[in-house]
């Protein structure tokens, strides 16, 4: 019916709707492709993904395992992969705040991205890669073994941000999920502590409250810190999710970011104004687009280079929340 409505052959319809990129390179004109897609939409046509997988060896699905979907970092990954994959007929399947492992036995995917692998999963990843899965894992130290590893130098980057804030402000606090819990300090909080100690400064626990993992607790922790008469002149949030909470708390208290209080986050997920101001942050430039291109390249088979480690250098992006408005 789609072929009849579009006035083309069934083979042309099959090619255009198969999800394969480069229809024009195959001899299908752009206006023909538009006509086929319009006819399919008008008729409510839904491709049979199982049949397509048999024909092409692809499912058109990418699994994104993300620790916290509400974090701007995770949302930026989703947006970048969605944009990069649209032209190749790829759809992200998001596993947020859950165990990704059962899903790979239930859903066929062309590539899998994992942003927070658990300790000791290297052998599991190697076995999955050997079985033909396209794996891309985010980890600062893991070695590739048939799968790609995205190396994000978070400790060095966070140390860079802490030093920048300490250069600008006389006192700097920390907003991190576990605060200064010595049993679960993490690289980002460790970088803050090390930056203070390198300058001979004492860490003040009251300036480093645990924010927890949800919006309400992060906002409350930021509010309690910023309303204190002895608050620090600036705060370093270990994610932009927490930085957003700090901006919200500052707004409630009538504090002007960059003027009355300095606020900086980690991740550089925002490339525009957030909450009316530009958020100072640290992270790799062009990171989300580069990772999305890697995922899509592996999923489509257009990137056939050896699986390897992909390192991204971090830099500080000074914006209004520490520079004034």
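Being surrounded by fewer than 18 Cβ atoms within 10 Å (Cβ to Cβ) and either outside the structural domain of residue 68 (by TED's automatic domain parsing) or more than 21 Å from residue 142 (Cα to Cα) (or both) is the filter here; which residues of segment 105-123 pass it?
Residues satisfying the conditions are 105, 106, 107, 108.
Restricting 205, 232 to residues that are out of contact with any strand residue (DSSP E or B) (no Cβ under 7 Å at 6 or more places or on another chain), within 20 Å of residue 158 (Cα to Cα) and at pLDDT 95 or above narrows the list to 205. Restricting segment 170-188 to residues that are under 23 Å from residue 316 (Cα atoms) and out of contact with any helix residue (DSSP H, G or I) (no Cβ under 8 Å at 6 or more places or on another chain), the residue that is surrounded by the most Cβ atoms within 10 Å (Cβ to Cβ) is 186. Checking each residue of segment 286-305 against the condition of being within 22 Å of residue 228 (Cβ to Cβ) and outside any loop (DSSP other than H, G, I, E, B) gives no match. Each residue in segment 93-111 was checked for being in contact with a helix residue (DSSP H, G or I) (Cβ under 9 Å, 6 or more places away or on another chain) and under 28 Å from residue 212 (Cα atoms), and 5 pass. In this structure, does residue 88 turn out to be outside any helix (DSSP H, G or I), in contact with a helix residue (DSSP H, G or I) (Cβ under 9 Å, 6 or more places away or on another chain) and surrounded by fewer than 16 Cβ atoms within 10 Å (Cβ to Cβ)? In short, no. Farther than 27 Å from residue 311 by Cα and touching a residue at least 24 places away in the same chain (Cβ under 8 Å), is that true of residue 187? It is false that residue 187 is farther than 27 Å from residue 311 by Cα and touching a residue at least 24 places away in the same chain (Cβ under 8 Å). Taking the criterion of being surrounded by fewer than 19 Cβ atoms within 10 Å (Cβ to Cβ), touching a helix residue (DSSP H, G or I) at 6+ places or on another chain (Cβ under 7 Å) and assigned to a helix (DSSP H, G or I), the only residue of segment 129-157 that qualifies is 155. Quick check on segment 55-66. Is at least one of its residues surrounded by fewer than 21 Cβ atoms within 10 Å (Cβ to Cβ), in contact with a strand residue (DSSP E or B) (Cβ under 8 Å, 6 or more places away or on another chain), assigned to a strand (DSSP E or B) and modelled with pLDDT of 80 or more? Checked segment 55-66: at least one residue is surrounded by fewer than 21 Cβ atoms within 10 Å (Cβ to Cβ), in contact with a strand residue (DSSP E or B) (Cβ under 8 Å, 6 or more places away or on another chain), assigned to a strand (DSSP E or B) and modelled with pLDDT of 80 or more.
In the condition set (1) over 19 Å from residue 188 (Cα atoms); (2) part of a loop (DSSP other than H, G, I, E, B); (3) in contact with a helix residue (DSSP H, G or I) (Cβ under 6 Å, 6 or more places away or on another chain), residue 228 is compliant with all but (3).
The values are calculated or read from the model by the stated rules, or taken from the named source; none is laboratory data. All figures in this text were calculated on a predicted structure; none of them were measured in a lab. As a convention, Cβ positions derive from the backbone with ideal geometry for all residues, glycine included, and neighbour counts pool all protein chains shown.
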